[in-house]
Amino acid sequence: MNEKSTSAATNRPTTYSKELLETALVPAAVTAVLHLYIGILVYGIPLGVPLILIALVYLGGIGLIAVNNRRERWLKIGIYWVIIVIVLWAASAAVNAPNTNIPLAYVDKAVEFILLGILLRVRTAR
């Protein structure tokens, strides 16, 4: 009987603050634009392709969350995505990869940390 009540509690629909969700979409859009800018204009097309793909993932996530397509899942994945992107950038900066220490990269990481905080707040606010 305990298993049934636990599964029923996890299957309940989650409600989010509309303002908090809209707030999360803004830094996601900003970081997508920054990744596109750095990928295209700073690195150029051959080297900037990973950054362009990261931007496309951010834009896809914005779209999926905005239309409420499995929002719970995408918000959960989004937290891990942002952490992975930050860790990969830190690893690149640690080995002195080109253009990882430009001011625009630090601005992008600051925006991503803000996004991470908002996503964590969205997930914990019920």
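If ARG121 passes every condition in (1) within 13 Å of the chain's Cα centre (by Cα); (2) at pLDDT 90 or above but one, which one does it miss?
Among (1) within 13 Å of the chain's Cα centre (by Cα); (2) at pLDDT 90 or above, ARG121 violates only (1).
May I ask you to verify whether ILE86 is in a helix (DSSP H, G or I) and modelled with pLDDT under 95?
Working: in a helix (DSSP H, G or I): yes; modelled with pLDDT under 95: no.
Taking the combined requirement at face value, the residue does not satisfy it.
Among the residues of segment 39-48, is any among the hydrophobic types (A, V, I, L, M, F, W, C), modelled with pLDDT of 90 or more, more than 17 Å from the chain's Cα centre (by Cα) and surrounded by 15 or more Cβ atoms within 10 Å (Cβ to Cβ)?
Yes, the conditions are met somewhere in segment 39-48.
Only one of these conditions is not met by ASN69: (1) more than 27 Å from GLY44 (Cα to Cα); (2) part of a helix (DSSP H, G or I). Which number is it?
(2)
So which residues in segment 98-126 are surrounded by 13 or more Cβ atoms within 10 Å (Cβ to Cβ), of a type outside the set (Val, Ile, Thr) and over 30 Å from GLU19 (Cα atoms)?
Listed by number, the list holds a single entry, ASN99.
The values are calculated or read from the model by the stated rules, or taken from the named source; none is laboratory data. Nothing here was measured: the structure is a model prediction, and the numbers come from that model. Neighbour counts run over all protein chains shown; Cβ positions are idealised from the backbone, glycine included.
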